[in-house]
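Just so it is clear, none of the values below were taken in a lab; they were calculated from the coordinates. Every value quoted in this text rests on a predicted model; they were computed, and no experiment measured them. Heads up, the Cβs are rebuilt from the backbone with ideal geometry, glycines too, and the neighbour counts pull from every protein chain shown.
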Amino acid sequence: MIERIPTAKALVEIREKVSVTHPSMRKSVTVCGGTGCQAAGCKEVADKVREELKAQGLASEFKLVVTGCHGFCEQGPIVVVRPSNVFYPKVKIRNVKKIIERTVAAGEIIDELLYKEPVSGDRIAHEQDIPFYARQHRLVFAHNGYIDPTDITDYLSIGGYAAIEKALFKMKPDEIIEEVTRSGLRGRGGGGFLTGRKWRSCLDALGERKFVICNADEGDPGAFMDRSLLEGNPHAVIEGMLIGARAVGSKEGIVYVRHEYPLAVERLIDALDEARHAGLLGDDILGSDFSFDIRISRGGGAFVCGESTALMASLEGRSGEPRAKYVHTVEHGLFDFPTTLNNVETWANVPEIIENGADKFASVGTEQSKGTKIFSLVGKINNTGLVEVPMGISVRDIVYEIGGGIPKGKKFKAVQTGGPSGGCIPQSMLDLQVDFQKLTEVGSMMGSGGMIVMDEDTCMVDVARYFIHFLKEESCGKCVPCREGLKTALDTLDRITQGKGEMKDIEILEELGEWMSTSSLCALGGSAANPVLSTILHFRDEYEAHIVERRCPGGICVELITYSIDPELCDGCHACVKVCPKDVIAGDKKQTHTIDTTGCIKCGACLSACTRDAISRK
Amino acid sequence: MLERIFSRYPVDRTSLVMILQDVQTEFGYLPTDALKEVSARLQIPAAQVYSVATFYNVLSLVPRGRNLVRVCMGTACHVRQAPLILETVKRELDIEPGDTTVDGEFTFQSVGCVGACAIGPVVEVNDIHHGHMNVNKMKKLLDKLEQSAKDEGQS
Ligand SMILES: Cc1cc2nc3c(=O)[nH]c(=O)nc-3n(C[C@H](O)[C@H](O)[C@H](O)COP(=O)(O)O)c2cc1C
Ligand code: FES
């Protein structure tokens with residue numbers, strides 16, 4: 001821990017002392033400790049690295065650093081040896097000894113353990129040369145791969161807390177807001193509201209107390225960038241909040257974080273302690289007249305609590321029900337005091353803007369969407385993980401250049417963005433530039449950055465039903481249009497996916513959508529119809545196939561499909577026969593198998609057992 | 001009985017959700033007596049405590065099983081066949097999501113995104129994430145848990 005830093009000058013001195021070697025250049029072995037890698041067994045790998053460094057007498061020379069998420073979750077556990085920056089994906093415990101012996105101690109590169117480019121088959125030694133990373137523009141995520149999130153010195157050594165120092169001693173609150181406004185930063189949590197404008201209203205609002213809140217509820221299913229930021233670089237979020245608090249004149253900050261993110265909570269608690277100990281939170285920060293502290297509140301696992309007014313209700317100890325928006329939270333927010341609420345990623349962008357200026361930030365991106373955005377690229381895509389890209393990049397580049405295309409040579413069908421409030425981008429719009437405007441224009445939205453890729457084996461009606469089901473479960477039930485509208489929409493979609501739909505159901509869905517979007521209390525209901533309307537717009541043929549032909553083209557809707565085995569592909573390996581719980585698959589070993597569909601319960605056991613993709617659902 | 005939990009937070013209504021979460025962690029559910037105590041201590045009407053206790057997904061008024069199986073039904077997992085996994089658990093345990101088996105061994109929940117979307121479909125068992133699940137892996141995992149429950153019962 002760092003002792004209390006009394007002045008700005010002392011901070012500069014400390015930084016000079018600790019930044020002799022940049023964390024990316026120091027002798028170390030970094031092991032990714034993000035959630036994806038944890039499930040892949042990174043803890044055991046890290047333990048083994050520690051053990052081997054010790055056994056080989058390298059422990060005093062090379063530091064083991066367990067970092068936050070590198071983004072390339074598909075390839076976990078990830079180990080990088082520094083300063084040579086040799087990158088090893090999917091590391092097995094049994095290879096750790098070899099890596100320490102040959103790469104750490106002897107400086108060799110172990111070819112067969114390197115990342116293999118799936119198309120060319122080339123082995124690639126360094127992160128920056130791997131296509132997944134090469135096309136990214138990492139600003140917010142720049143340091144996640146090498147800093148130790150549990151050590152404030154690492155954050156200081158990459159220039160951390162220089163922005164708050166500048167904001168405190170070289171800028172007036174008004175100028176901070178001007179800079180953030182000029183940068184064009186827009187909220188990364190959903191609405192894309194101009195951050196500077198929000199802060200300005202909060203500064204102008206009168207109140208005995210003012211609150212600054214970080215929204216880390218991250219309820220959008222399919223998005224996990226906020227989690228990775230908090231786990232990998234919590235001080236960036238804290239520094240952003242400090243700057244915001246200085247700008248609007250607040251002393252009290254709160255991070256509202258999902259309880260499903262225990263590691264993020266733990267990292268944040270530690271980081272807050274360290275910052276407090278160093279005098280970067282608390283009274284008279286760095287010897288100035290500015291005092292500010294942050295506490296954590298764990299959410300209770302309700303999607304609607306990510307909505308700003310519901311979040312505040314939850315913080316006040318009530319059920320998370322939103323209220324009408326005509327009362328602005330920047331004036332009457334938490335406990336009726338002026339409140340500035342921003343998303344995790346929004347906060348994490350702030351230090352960069354203050355330190356390097358609005359112009360530099362605004363040099364990246366499009367006319368009305370500046371900077372970068374982190375997307376979680378997931379679903380039917382080869383390179384799943386978190387990608388940070390400049391605003392304005394095309395969907396095609398994200399899916400094919402960074403994402404490496406669709407697995408198993410399947411056909412691309414759509415990308416879903418904006419979560420339950422968003423919509424789909426079909427094949428014909430692959431060249432769409434991703435920014436706030438363009439996504440909204442095509443009936444989707446930026447949302448918090450979930451990007452779910454769907455291939456030909458996805459049913460778009462099922463996807464619409466999925467979102468409506470999700471929202472029906474999560475609707476707080478306070479207003480009628482949302483509560484009843486979702487119920488009716490779900491009943492209708494259930495009928496269609498069960499092959500009991502009628503053509504007029506499509507009209508009913510469109511009408512319901514219209515009604516919900518104009519009369520719901522909050523954006524949950526207001527945007528709930530988007531996934532339905534967008535799939536009707538782009539995939540009407542699939543709705544019609546379900547209704548007219550009683551057929552599911554994606555092979556998903558259970559009532560409309562039957563399982564069968566493609567005799568061309570089946571090699572008679574017996575794997576499906578062994579797992580079928582109903583014993584309805586017949587065929588001797590090495591003979592083509594067949595499914596007796598009368599007894600088949602369509603459980604999918606054969607599907608996951610077959611290694612040759614011979615099971616088809618039609 | 002809840003002093004230790006109260007001592008962690010300011011004793012006022014802002015702490016209600018977190019105090020209830022800690023009670024949940026401590027007992028595995030929210031016992032009626034505990035709810036009454038929270039209500040008295042924080043000076044919040046019991047009806048309001050009840051309203052909060054039933055609003056949030058992490059809070060439960062009934063005891064949970066020894067094993068908590070949570071199948072992620074987030075979007076990323078959904079498109080990677082999570083519904084088949086959900087059906088498998090339903091069939092194997094013979095209960096609906098949200099329920100607990102009669103022997104108190106398993107509680108089964110369907111949840112919306114656990115934040116590990118890149119390795120979906122994901123199933124969380126007793127706070128451990130299992131990635132890239134499929135129907136057969138799910139069955140094996142449940143078998144293993146059932147077996148260790150039996151072994152414990154015998155010893
Ligand atoms: C139903 C619903 C859920 C939301 N969930 C989140 C969330 O999980 N995280 C988030 O940052 N914003 C969420 N939002 C958006 C917030 O209301 C708010 O606009 C945002 O946090 C503001 O921060 P920003 O301007 O930095 O984006 C949600 C909105 C709605 C209507
Ligand atoms: S959608 Fe399953 S973990 Fe995110």
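Taking each of A:27/A:90; A:487/B:137; A:408/B:137 in turn, the alpha-carbon distance tops 24 angstrom for A:487/B:137. Net charge dipole, chain B: roughly 400 debye, given to the nearest 20, about the Cα centre with Cβ charges of +1 for Lys and Arg and -1 for Asp and Glu.
Please state the shape class of the range A:15-134: rounded when a/c is under 1.5, otherwise prolate if a/b exceeds b/c and oblate if not, all from the C-alpha gyration tensor. Taking the square roots of the gyration eigenvalues as a ≥ b ≥ c, the range A:15-134 is rounded.
Taking every DSSP bridge with both residues inside the range B:34-155, close to 55 percent are antiparallel.
Packing here is the average count of other Cβ atoms within 10 Å per residue, and on that basis the peptides A:299-305, A:167-173, highest first, run A:299-305, A:167-173. Dipole of the range A:160-362 computed with +1 at Lys/Arg Cβ and -1 at Asp/Glu Cβ about the Cα centre; of A:184, A:287, A:243, farthest Cα towards the positive end is A:184. Restricting attention to chain A, close to 55% of DSSP beta bridges with both partner residues there are antiparallel.
In nm, to one decimal, how far is the modelled label at residue B:105 from the one at residue A:194, with both set 7 Å along Cα→Cβ? Going from the residue B:105 label point to the residue A:194 one covers 6.2 nm. Charge dipole (Cα centre; +1 on Lys/Arg Cβ, -1 on Asp/Glu Cβ; no other charges) of the range B:3-55 amounts to roughly 100 debye. Here's how it looks for residue A:65: its modeled amide H is under 5 Å from those of A:29, A:30, A:31, which are all 5 or more places away or on a different chain. Taking a point 7 angstrom from the Cα of residue A:44 along the C-beta vector, which residues in the range A:71-85 have backbone N less than 19 Å away? Once the point is set 7 Å along Cα→Cβ of residue A:44, A:74-80 turn out to lie under 19 Å by backbone N, inside the range A:71-85. Peptide A:312-318 is shielded by partner chain Cβ atoms: per residue, an average of 5 of them sit within 10 Å of its Cβ.
Estimated from helical segments only, the mean residue ellipticity of chain A at 222 nm is -11000 deg cm²/dmol, where each DSSP H run of four or more residues counts as -39500 (n - 2.57).
In sequence order, the range A:148-160 has phi-based couplings of 8, x, 9, 10, 5, 4, 4, 5, 5, 6, 9, x, x Hz under the Karplus curve 6.51 cos²θ - 1.76 cosθ + 1.60, θ = phi - 60°, and Gly or Pro positions carry x. The aspartates and glutamates within cross-link reach of residue A:582, meaning a Cα-to-Cα straight distance under 14 Å and a gap of 8 or more places when in the same chain, are A:596, B:92. Counting only lysines at least 8 places from residue A:438 when in the same chain, those with an alpha carbon closer than 20 Å to its own are A:370, A:373, A:413. Extending 7 Å from the Cα toward the beta-carbon at both residue B:47 and residue A:51 defines two label points whose distance is 6.0 nm. Assuming a ≥ b ≥ c are the square roots of the Cα gyration tensor eigenvalues, decide whether the range A:441-580 counts as rounded (a/c under 1.5), prolate (otherwise, with a/b larger than b/c) or oblate. Note, shape of the range A:441-580 comes out prolate.
Toward the positive end of the charge dipole of the range A:304-377, with +1 on the Cβ of Lys and Arg and -1 on the Cβ of Asp and Glu, the farthest Cα among A:333, A:377, A:358 is that of A:377. Averaged over peptide B:127-140, the number of partner chain Cβ atoms lying within 10 Å of each residue's Cβ comes to 4. Taking a sphere under 11 Å around the Cβ of residue A:421 and counting the other residues whose Cβ falls inside, with K and R at +1 and D and E at -1, yields a net charge of -2. Modelled this way, with points 7 Å down the Cα-to-C-beta line, the labels at residue A:61 and residue A:487 are 7.0 nm from one another. Using the Cβ-Cβ distance between residue A:335 and residue B:33 with R0 set to 41 Å, the FRET efficiency works out to roughly 0.85.
Could you give the distance between the Cα centres of the range A:554-608 and the range A:1-15, to the whole Å? Result: 67 Å between the Cα centres. Counting only Cβ charges, +1 for Lys and Arg and -1 for Asp and Glu, the dipole size of the range B:36-102 around its Cα centre is about 220 debye.
Listing A:28, B:110, A:564 from fewest to most neighbouring C-beta atoms within 10 Å gives A:564, B:110, A:28.
Sum -39500 (n - 2.57) across every DSSP H segment of at least 4 residues in chain B, then divide by the residue count to get the 222 nm mean residue ellipticity, nearest 500. Roughly -14000 deg cm²/dmol at 222 nm, from the helical runs in chain B. Per residue of peptide B:55-61, the mean number of Cβ atoms on other chains within 10 Å of the residue Cβ is 6. Computed from Cα atoms, the angle from the helix B:82-93 axis to the main principal axis of chain B rounds to 80 degrees.
The length gained by stretching the chain between residue A:105 and residue A:611 to full extension, at 0.36 nm per residue less their Cα-Cα distance, is 178.1 nm.
Packing, taken as the mean count of other beta carbons within 10 Å per residue, orders the peptides A:592-599, A:75-82 from highest to lowest as A:75-82, A:592-599. Amide H contacts for residue A:392 (H built 1.01 Å from N in the peptide plane; partners 5 or more residues away or on another chain; cut-off under 5 Å): A:434, A:435. Taking amide H positions as modeled 1.01 Å from N, with prolines and chain starts lacking one, the residues under 5 Å from residue A:255 and 5 or more places away or on another chain are A:214, A:295, A:296, A:297.
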